[in-house]
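What follows is a set of notes on a single structure, which appears directly below.
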Amino acid sequence: MTKFIDNVNAYLSQAKIKQTYLSLKSGIEIRKLSRILTGAQDVSGTDMERIADALGQRLEFFLSDSFSVPQPDGIVSEKIAFYAGEPTASQDQIAAKLEELMENIDEIMSARYRFLNITLE
């Protein structure tokens, strides 16, 4: 694989960004993006630009030999929470549903994307 692809994969992994999200943001079809990111398909200059733009970075950022993913200042935890007293049973149920939704957001967004593409044909 190329330095660009290695760096993009490292960025996606460390930032916990899913291919489905990158596909939606970049406009690159999910199967093609998957082949690019696994090295099964060569990446074009246009696709490299689209990927970098979708990730909010310049192309040169992913071509660097001394690549490192910047860490947000002061954020250590993967979860954000606040305390507002003991939740009620109803609040517990809502929280569980929201947690399940967030765990499956890739599948939801992917299904939405497929549905929209089917309806446009």
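Things worth noting here:
- Tally of residues being in a loop (DSSP other than H, G, I, E, B), closer than 16 Å to Met109 by Cα and touching a Lys or Arg at 6+ places or on another chain (Cβ under 8 Å) across the range 1-59: 2
- Residue in the range 55-77 that is of a type in the set (D, E, K, R), more than 25 Å from the chain's Cα centre (by Cα) and either at pLDDT below 85 or more than 26 Å from Leu24 (Cβ to Cβ) (or both) present: no
The values are calculated or read from the model by the stated rules, or taken from the named source; none is laboratory data. In this text the structure is predicted, and so the values were computed from the model without any measurement. For neighbour counting, all protein chains shown are included, and Cβ atoms are generated from backbone atoms with ideal geometry for every residue, glycine included.
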